[in-house]
Amino acid sequence: MKEEALKVIEGVLKEGRKNMVEYEAKQVLKAYGLPVPYEKLATTVDEAIAYAGEIGYPVAMKLMSPQILHKSDARVVVLNVKDPEELKKKWEEIHENARRYRPDAQILGVLIAPMLKPGREIIIGVTEDPQFGHAIMFGLGGIFVEVLKDVTFRIIPITERDARRMIKEIKGYPILAGARGEAPADIDAIVDLLLKVSKLVDDLRDYIKEMDLNPVFVYEKGAVIVDARIILK
Amino acid sequence: MQAEIAEQLKPFFEPKAVAIIGATDKKGKVGNVIFENFRVNKERGIFKGAIYPVNPKLDEIDGYKVYHSVGELPEGVDLAVISIPAKFVPATMEDIAAKGIKAVIIITGGFGELGEEGKRMERQIYETAKKNGIRVIGPNCVGVYSPDTGVDTVFLPDEKMDRPRSGPIAFVSQSGAFAAAMLDWAANEELGIGKMVSYGNKIDVDDADLMDYFTGDDSINVVTLYIEGVKDGRRFMEAARRITRVKPVIALKAGRSSYGAKAASSHTGSLAGADVIYDAAFKQTGVIRAEDFEHMFDLAKAFAQLKGKLPKGDRIGIITDGGGAGVMASDAVAKFGLRMAEPSEETIRFLRERFPPHAVVGNPTDVVGDTDAERYRLALEAFTKDPNIDAILVIVLFQVPLLREEEVIEIIGDYARRSEKPIVAVAMGGAKTERYAKMLEERGVPVYPTPERGVRALEGLVRYSSYLRR
């Protein structure tokens, strides 16, 4: 677990970078058994077409650049790409957008990802406090975190009991529990995510400064990390 | 580790011999008030140790021989209290180290809080202490108040500040002004304070050390902390986890506003502030966070009075002789996240058979305005036996005409003593009510002036109990 994650981290550090792009962050998460989609990083358009075929259309394309952390601002993400024709066109488009956004942008490739079924959105994050060390955050995604700041924190490492309390503590909990007649979201999957993130950060506390898993889709059964960022020390 | 720290801190509370460095005969001076505190406490037979004033310019104060330097002191001094100008403190620390004294309270201000030179002196003092195994409280602090052992370095004279009686509450405060105000206020409220420590700039002894000390101090059954900032969060959490297993800790953290958004590059970083992080640390270690000064002492009183009696759940039963007060209490139960108990059928039947028809049986049970003490007894009898009720709030409006005050006080006190469930009382009113409230408190019942405060105190008991039962 740790060795695998460290290999990715050290690779990034060797390049003199602190910001891990989504693809790299997900490699680290995957090493700790966290649920990330089956995705591949393509460096040529032919590779991209091959991967898309393997993953199955429609796919999402996300351009990976350490200089572009806000991918939607730079318009380097395309969703619902339906066939190789469209993929080719979008490949050019997002590269063009990246160059326009940051002419010096170093491009690592384009992440070819499956289109995920939407679920209830949550955010899990990590920050480091000067006195208490790393803390983990949990909240519902979207307006709940952006506007209402309906989030809760615990100091890492956390116990399963801490994780369950965190989930119940936020005001938006009924949305997860199934407030409007929906089936409840998979709470155990969220608990598992929180515990694994806690373990990961506890192991790698000398390397990791901050982390955002945003959003994470939670389903009636299971959960998947849609986007992730890790900032190294 | 905890035992070791407790041993190191013992001389601060039970010194065999104290050196008062900077003792003077000039009335009103800090060095005089502190010396007088010890002298008077010794005369009263409370302070059992020896007292050695140190001052190069004096030979005698109040019949006590004054030593001209630390070097001249007799052997066996285990506590030094320093109130000399800051610039002389680093050298004096060297003398203290040479003498083998292992506990020092530095009252003097003018150190780190004033700038670089002060910070440099603090580092020097700390290094001397570290090298020689000396524990330091302060500098820039009020120090220690321990009424049972007669240690009192609070340099505010008796005529300016009342000192509280002894009791099971320990109070720790970074701020000296807050500590002094609190002691004065506790005296007025008749809250018993067993130990108070104000550590000022805390170059050494801090909240974590003191929690470790109080963990094994049987005279203390609840610890209250007024915190401005914690140096080492992880150490704080470890000590907090140890002590909350055996006694409750209530913390009031100053600075609710957050520093978030500053220099955070992640979303999470921008949402984190000092405050949410403290909240998290408190929750994970069973420390009960107080919203304000009043809340802190409302909780301290509940824990101190109930002596470890905790509710087994969050279902509150309310007994009242005023409908409005009952509604206010029910609202507070919801507001603070507790549940209204649903009394058992047996409770309902028992009370229905014995109450007049216009009394309200249920939760709240309203014994109504023409009540006598007997109705309170019946309600308490039923509620204390009811398995659906975890804690009881008794509201007494002593103003109602037929209620014999002493009788109802005896009844509530009696059930409070015998029942395993915590019973908290609310008495709303003026001077007369306050007198009755005090009588109730003498019988081990914590009393609050409003239903909201009574329920909020119960919420603290429930929160701590739920932490322990996890």
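Give me the net charge for the shell around B:Lys57: Cβ to Cβ below 12 angstrom, other residues only, Lys and Arg +1, Asp and Glu -1. Computed value for this residue: -2. Based on the Cβ-Cβ distance from A:Leu13 to B:Lys130, what FRET efficiency comes out when R0 is 56 Å, to the nearest 0.05? Once rounded, the FRET efficiency stands at 0.95. Between A:Lys88 and A:Tyr38, the modelled labels are 2.6 nm apart [label points 7 Å from Cα along Cα→Cβ]. Going from the residue with the fewest nearby Cβ atoms within 10 Å to the one with the most, A:Trp91, B:Trp185 rank B:Trp185, A:Trp91. Net charge of the neighbourhood of B:Ala416, taken over other residues with C-beta under 10 Å away and scored Lys/Arg +1, Asp/Glu -1, is +4.
Counts of other chain beta carbons within 10 angstrom of each beta carbon in peptide B:273-280 average 6.
Here each label is just a point 7 Å from Cα along the line to Cβ, and for A:Tyr173 and B:Asp414 those points are 4.1 nm apart. The label point for B:Glu43 and the one for B:Lys87, both projected 7 Å from the Cα toward the Cβ, are 3.6 nm apart. Between region B:57-76 and region B:148-205, how many Å separate their Cα centres? Their Cα centres are 27 Å away from one another.
Summary of the geometry: region B:411-465 and region B:88-120, compared by the centres of their Cα atoms, lie 46 Å apart. Could you work out how far helix B:345-354 tilts from the main Cα principal axis of chain B, as a 0 to 90 degree angle to the nearest 10? So the inclination is approximately 70 degrees.
Each residue in B:Met296, B:Met93, B:Met1 was given a count of other beta-carbon atoms within 10 angstrom of its own, and listing them fewest first yields B:Met1, B:Met296, B:Met93. Restriction of the trypsin sites (Lys or Arg not before Pro) in region B:192-233 to DSSP coil positions whose beta-carbon has at most 14 other beta-carbons within 10 angstrom yields B:Lys231. Between helix A:187-203 and chain A, what is the angle of the helix's C-alpha long axis to the longest principal axis, kept within 0 to 90° and rounded to the nearest 10? With both axes taken from Cα atoms, the answer is about 80 degrees. Estimated at 0.36 nm per residue, the fully extended path between B:Arg123 and B:Gln2 surpasses their Cα-Cα distance by 41.0 nm.
Ordering A:Glu169, A:Glu92 by the number of other Cβ atoms within 10 Å of each residue's own Cβ, fewest first, gives A:Glu92, A:Glu169.
What does the C-alpha gyration tensor say about the overall shape of the protein assembly as shown? Classify as rounded when a/c is under 1.5, otherwise prolate if a/b is larger than b/c, or oblate. Verdict is oblate for the protein assembly as shown. The equivalent ellipsoid that matches the C-alpha gyration tensor of region A:120-232 spans semi-axes of 23, 14, 13 angstrom, in descending order.
Within the set of other residues whose C-beta is less than 15 Å from the C-beta of A:Gln67, count the net charge using Lys and Arg as +1 and Asp and Glu as -1. Counting the neighbours of A:Gln67, the net charge comes to +4. With a threshold of 31 Å on the Cα-Cα distance, the over-threshold entries among B:Lys130/B:Lys301; A:Lys30/A:Lys168; A:Lys14/A:Lys40; A:Lys18/B:Lys231 are B:Lys130/B:Lys301. Taking square-rooted eigenvalues a ≥ b ≥ c of the alpha carbon gyration tensor, is region B:153-201 rounded, prolate or oblate, where a/c under 1.5 means rounded and, failing that, a/b exceeding b/c means prolate? The shape class here is oblate. Taking a ≥ b ≥ c as the square roots of the Cα gyration tensor eigenvalues, with a/c under 1.5 meaning rounded and otherwise prolate when a/b beats b/c, else oblate, which class fits chain B? It comes out prolate by the Cα gyration axes. Round to the nearest 0.05 the FRET efficiency obtained for B:Lys312 and A:Glu160 when R0 = 25 Å and r is the Cβ-Cβ distance. My answer for the efficiency is 0.65.
Full extension of the chain between A:Glu182 and A:Asp202 yields a length gain of 3.7 nm, computed as 0.36 nm times the residue separation minus the alpha carbon distance.
What separates the Cα centres of region B:359-373 and region A:122-147 is a distance of 49 Å.
Every number here is computed from the coordinates shown, using simple stated rules; none is lab data. Because the structure is predicted, anything quoted here is derived from the model rather than measured. Quick reminder, even Gly has a Cβ in these numbers, built from the backbone with ideal geometry, and neighbours come from all protein chains shown.
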